[in-house]
Structures are given as C-alpha cells and as structure tokens.
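Trainee: Input: one structure, supplied below.
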Amino acid sequence: MRDYWYKRAVFYELYIRGFQDSNGDGMGDIPGMTSRLEYLKRLGIDCIWLLPMYPSPGHDDGYDIMDFKSINPEFGTLTDFQLFLDKAHMLGIRVIADLVLNHTSNTHPWFLEAKKGPSSPYHDYFVWSDNPDKYANVPIIFQKSETSNWAWCHECGKYYWHRFFTHQPDLNYDNPKVREEMLGIVRFWLDKGLDGFRMDAVPYLYEREGTLCEGLPETHEFLKTIRRLIDESYPDAVLIAEANQWPEDLRQYFGDGDELHMAFNFPLMPRLFMAIRQEHHGPVVDIIRRTPELPENCQWAMFLRNHDELTLAMCTDEERDYMFKEYAKDPQMKLYSGIRRRLYPLLEKDIGKVQLLNAVLFTIPGSPVIYYGDEIGMGDNIYMGDRDGVRTPMHWDDNRNAGFSSCNPSKLYAPVITDPDFSYTSANVQVEELIPSSILNWMKRLIHLRRLFPSFSNGKLRFIFAENKKILSYFVEYDGERMLCVFNMASSSQPLNIDLSEFAGCRPVEVFGGAEFPPIGELPYQLALGPYGFYLFELCG
Ligand code: NOJ
Ligand code: CA
C-alpha cells in the first residue's frame, strides 16, 4: 500500500494576522510567523494551512483578493514568504495555503475592468445579468448580511453574481480564460514550493439555471483538471476541499481518487458536540454510517473548530435548534447559521471534554486540523464583529500583548483575551510548556501517539456496540495493527461490558501510559470509565 503523507499528517490552521507581529505595527506578519516555526515543530504538526496571504482590502479577512500572485504588504513580501517556506521545509513542515477560486474582491483589477462593460476583455470574467431573477432558488450563504446573490453595478448597468459578500463577485468559469488564469495561479505557488491548497468554497464555481448551483458536473470537471495538473507536475501536493455538504455530496469531490485528495468532514463536526452534550454515541455513529467509503488515496480532514463560525449547515432544523440552545446561550454567540466561539469556551473550559473530543478526532481515520490557539485553550471575544472574536492574537507569554506584539496595546488589530477565565496570563505557550499536565503538553502527546500508530490515520473503522449507549467504541485496524478506542461521552462514571471474544488471548495495552490491562477472554470484557474518560488500547499478542 502506498504511503500518502497527507493521510498521516496533522495540520495546523494558521491565521497570519493573529500569529506573531515582527515590526510592532500591531498585526501579525510573515517574518513573525517564521520566527515561531520552532514552536510548531515542538508541537509536532506536519503541515501548516495558511489563511489567505494575498493583497486584499480586508472586508472578508483576505478571502476578498485583489491579486492572486502576490503577498499582502501588511504581511510582508514574496521574499519573506519564500524564506518562511524554506525554513518550514528545513524543519520538515509542509505548507499549504488557501486558494480562493470562486470569487475575487471587487477591487481586483479584473473586476475594475469588467465593470466598464461588454467591450472590456475582462467583462466576461464575471457573471452578469440584466435582471436579478436568474438562479432564483439558490440559497444565500451569508444570511442577514446579504439579501440577494445578485448586486447591481451602476457602472455597467447590470447585476453581477456573488455567492458570498456583495464585494466578492463570482468568477465566470464558463470563460476558458478564467480557467487558464486559475491554473496559472496554482502553478505560480506550487513552483515556489508550496505543498498544496485548501480550496475555498469549491462547490460554487459554475452556475446553471434550475439547479442550486452547487457541485455541478462542470465544477467537478474543472476540479479534475486542476488535479491532472497536480498529478502531472506536482505529484506530492495536496488539495483539500472546503465544501460544506452532506456526506453523499461531499464524496463526489474525491471523484475516483482523481479529484481532490481531501475534504473537510463538515457533517461529523457538529455531531461530536451533540454527542457529548446528549451523552450518547448516536450522532457520531449515525453520521459515520452514512458516510461513504473513500478511495484509497483520499482522506478526510477532521476538525472541531476553524476561523469561521461553527457551522450548523449540515444539521437538520431540529439539530440546529438543539445546538443553539446548548452552545449559544447568549445571542451574541450566534452568527449566520452557526456559533462564533472557540473550542475551549464551547466546552466550558472542561479539560476532560476537550481531551475527549480531541481523542475521538485523532483516532477516527482522517487527518486532524488544529485551529491556532485551540492547542493552548485560548478563549474568544463574542463582542467583536462578524467572526473576528475567534481570530484574536495568539498568546505566547504573559508579557505585554501576550508576547504577540511590542506595540502600544491600543494599536493591536484586535485585543488579546483578558477575561479572567481565559486570560493570556495563564493560557499561553510559555506557561503551558512548563506545566506537564497542560492541554498543550497533552496535545503534543496526542500528536505523537497518532504518529506511532498508523491505524489512526490509515485504518479501517468498525464500531463495537455495548448496551451502554453513553459509550462510543470502535476498532481501527491497519496492516496487522489493531487499536481499540473507548470513550465515555457522559459527565458521570460509566461501566462497560463489551464482547471482545474475537480477540480472546490478546492483551490490551493503554497507549498513553503503557499499562497492560487484563487479557481478553471469551466472556464480556469489563471496563469502568470516569467522567468523559477514554482508553486507547493497542491489542497485542
Ligand atoms: C469560506 C471561508 O472559510 C470564509 O472565511 C470565507 O468568508 C468564505 N469562504 C468566502 O470566501
Ligand atoms: Ca506586523
């Protein structure tokens, strides 16, 4: 079996503006992030995913791009970027970046030209209409911020199509020149040594009347064209789909192993939070059973949180109401169809729950993605606008501005978290590296364990059912290695009796501490689990 690096990798989602400021202007930048690479090496991650680093007016935090082949001057220069990339590679860390195929900023020179009207060679780079009735059934993604997917352009007297903010006109993929431009952008960054892309908003590339304009055959065809380029010229690069879709639709982005290598597992994510709240394995088991198998060269990207709101798009109305009731008690916490909170506050700062969900995330086959700051249990700020409250500066130490910047605190692009419960004075890298039992040091051990046992990345999963529905348990197996994972989703201690007779004679060894448990026999195996307790066993012998 071939070894695919991205199937074994632990990813780290990094927000450049929030990571480290090097020049005291109150904003994180590329040289700052380069100076923190050793930290990421110590953490043990394999691949960084950079949020958009391109020039942008910043109305959607860089997802509104003015120039796809350059670096936002607030972050540095192309040379800074190359130095960052080279140092990351020297340390054995790969780097992927966001690739925003679907739209540009309305300040992109293409759009400025396009607005001049049909005589402009760029007019056809975007999607225009004389009336706003086309594609009438297509949902609006940024509900409340936007009232239509069409916006009126005074200058050319037509409407243009935008699936996201008004200032993000969608590119017209029916135009071969657009497709060529985008392939050129892919080549540009991979030639610099980038290791792949997180492909933003991939379902929305093409529009067709009478459809929801999501995941159309033409869209998949173009994604396959990008993949052919990768396979021919950059065979080690990875493409990860951001497609907030149900399992059956998501499955299509993998093609027959000839489309994208990975896709974020959007349906699983909210169900991990549901399961722990309902103290029941049901939500997780049901969605995994509904999730189709992937081709051998493909992998799920597994995540708990990211830079956006915790999206509940892949929930039924009932499930969404439940999630809002349980996890967004203050209306300030709601945004679009989701919840704008970080992992630690969501889980009420309960380290047991944080460890439990991470342990599930790291052992269900798939590649985990850690959102910057979540590894140290950073808090959020629900009083900031849009999604800014989960994008505050990284906490490095308990000095001024949490060690993020030397600037006057009022100059920071966003305040550091000072809430007594989550203050940077204790939730920071320096303090946590010194405390053996900190969440940071625990995450390092988890990352290390995942590397030791390939079943967690490549394995086949099989649930085991016991009478106690509060327990989630499964085997993962790979190449003769057999792992048994048992999780108590409840806040109370729980007994467990499971039939492991197929493994009679094996000795379970708990992998965090190395303790050997009583051998498995023909009778039901008995275990007791503390609140949110779990065991990861290797079945030896
Ligand atoms: C998805 C990104 O994650 C989000 O932050 C952004 O606003 C939209 N795509 C639009 O690009
Ligand atoms: Ca700076």
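The values are calculated or read from the model by the stated rules, or taken from the named source; none is laboratory data. If you're wondering where the values come from, they're calculated on a predicted model, not measured in any experiment. Methodologically, a virtual Cβ is constructed for each residue, glycine included, from the backbone with ideal geometry; neighbour enumeration extends over all protein chains shown. In case anyone asks, the SASA skips ligands and DNA or RNA and just uses the protein heavy atoms, side chains included. Shrake-Rupley method; radii C 1.70, N 1.55, O 1.52, S 1.80 Å.
Trainee: In nm, to one decimal, how far is the Trp246 label point from the Asn297 one, both placed 7 Å along Cα→Cβ?
Mentor: 3.0
Trainee: Please work out the FRET efficiency for the pair Thr425 and Lys329, using the Cβ-Cβ distance as r and a Förster radius of 25 Å; give the result to the nearest 0.05.
Mentor: About 0.45, to the nearest 0.05.
Trainee: Further question on the same structure: State the percentage of accessible surface on the chain attributable to carbon and sulfur atoms; use a 1.4 Å probe and exclude ligands, DNA and RNA.
Mentor: Heavy-atom surface of the chain belonging to carbon and sulfur, 1.4 Å probe: 50 percent.
Trainee: Using a ≥ b ≥ c from the Cα gyration tensor of region 1-41 (square roots of the eigenvalues), is it rounded, prolate or oblate, where a/c under 1.5 gives rounded and otherwise the larger of a/b and b/c decides, a/b for prolate?
Mentor: prolate
Trainee: Here's something else I'd like to know. Using 0.36 nm times the number of residues separating Ile435 and Met384, minus their current alpha carbon distance, what extension gain do you get?
Mentor: Taking 0.36 nm per residue and subtracting the Cα distance, the gain is 15.2 nm.
Trainee: Let me have the 222 nm mean residue ellipticity of the chain computed from DSSP H runs of 4+ only, each contributing -39500 (n - 2.57), with the sum over all residues rounded to the nearest 500.
Mentor: -8000 deg cm²/dmol
Trainee: So, one more: How large is the accessible surface per residue of region 251-365, computed with a 1.4 Å probe and reported in Å² as a whole number?
Mentor: With all protein chains present, region 251-365 gives 32 Å² per residue.
Trainee: With the Cα gyration tensor of the chain giving a ≥ b ≥ c as the square roots of its eigenvalues, does the rule (a/c under 1.5 for rounded; else a/b larger than b/c for prolate; else oblate) give rounded, prolate or oblate?
Mentor: Judged from the Cα gyration tensor, the chain comes out prolate (a/c at least 1.5, a/b above b/c).
Trainee: With the contact rule set at Cα under 8 Å and sequence spacing of 6 or more, what percent relative contact order holds for the chain?
Mentor: Once normalised by length, the contact order is 12 percent.
Trainee: Find the relative contact order for region 217-301 and round it to a whole percent, using C-alpha pairs within less than 8 Å whose residues are 6+ positions apart.
Mentor: 31
Trainee: Which lysines, if any, have their Cα less than 22 Å from the Cα of Lys329, not counting same-chain residues under 8 positions apart?
Mentor: Within reach: Lys144, Lys349, Lys353.
Trainee: Nearest 10 degrees is fine. How inclined is helix 217-233 to the longest principal axis of the chain, computing both from alpha carbons?
Mentor: The answer is roughly 80 degrees.
Trainee: Using modelled backbone amide H atoms (1.01 Å from N, in-plane), which distant-in-sequence or interchain residues come within less than 5 Å of Ala301's amide H?
Mentor: Ala263, Phe264, Asn265, Ser367
Trainee: Another question about this same structure. Looking at the square roots a ≥ b ≥ c of the eigenvalues of the Cα gyration tensor of region 501-541, which shape do they give, rounded for a/c under 1.5, prolate if a/b is larger than b/c, or oblate?
Mentor: oblate
Trainee: Quick one: go through region 16-54 and flag any residue whose amide nitrogen is under 18 Å from the point 7 Å out along the Cα-to-Cβ line of Asp67.
Mentor: So the set is 30-31, 52-54.
Trainee: To continue, here is another question. Anything over 27 Å Cα to Cα? Flag those among Lys69/Lys334; Lys177/Lys224; Lys7/Lys444; Lys7/Lys224, in the order listed.
Mentor: Lys69/Lys334
Trainee: Then there's this: Loop only by DSSP, 11 or fewer other Cβ within 10 Å of the Cβ. Give me the GluC sites (Glu not before Pro) in region 315-393 that pass, ordered by residue number.
Mentor: When the GluC sites (Glu not before Pro) of region 315-393 are filtered for loop state and at most 11 Cβ neighbours within 10 Å, Glu348 remain.
Trainee: Turning to a different aspect of this structure: Starting at the first residue of region 397-411, write each ³J(HN,Hα) from the Karplus equation 6.51 cos²θ - 1.76 cosθ + 1.60 with θ = phi - 60°, in whole Hz, x for Gly and Pro.
Mentor: Once rounded to whole Hz, the list reads 7, 9, 7, 3, 6, 6, x, 7, 8, 8, 6, 4, x, 6, 8.
Trainee: Moving to a separate point now. Can you give the Kirkwood hydrodynamic radius for region 457-528, in Å, rounded to one decimal and based on Cα pairs?
Mentor: Every distinct Cα pair counted, the radius reaches 13.1 Å.
Trainee: Then there is this: How far is helix 268-278 tilted off the main Cα axis of the chain, in degrees rounded to 10, range 0 to 90?
Mentor: Helix 268-278 sits at roughly 50 degrees to that axis.
Trainee: How far, in degrees from 0 to 90, does helix 317-327 lean away from the longest principal axis of the Cα atoms of the chain, to the nearest 10?
Mentor: Once rounded, one gets 70 degrees.
Trainee: If contacts are Cα pairs under 8 angstrom and at least 6 residues apart, what is the relative contact order of region 1-62 in percent?
Mentor: 35
Trainee: Can you give the FRET efficiency for Leu212 and Arg320, using 1/(1 + (r/R0)^6), R0 = 25 Å, r = Cβ-Cβ distance, to the nearest 0.05?
Mentor: The pair Leu212/Arg320 has a calculated efficiency of 0.85.
Trainee: So what are region 384-541's ellipsoid semi-axes, whole angstrom, largest first, if each one is the square root of 5 times an eigenvalue of the alpha-carbon gyration tensor?
Mentor: Equivalent ellipsoid semi-axes, largest first: 42, 17, 14 Å.
Trainee: Which value in nm describes the separation of the simple spin-label points at Trp152 and Arg507, placed 7 Å from the Cα toward the beta carbon?
Mentor: Between Trp152 and Arg507, the simple spin-label model gives 7.8 nm.
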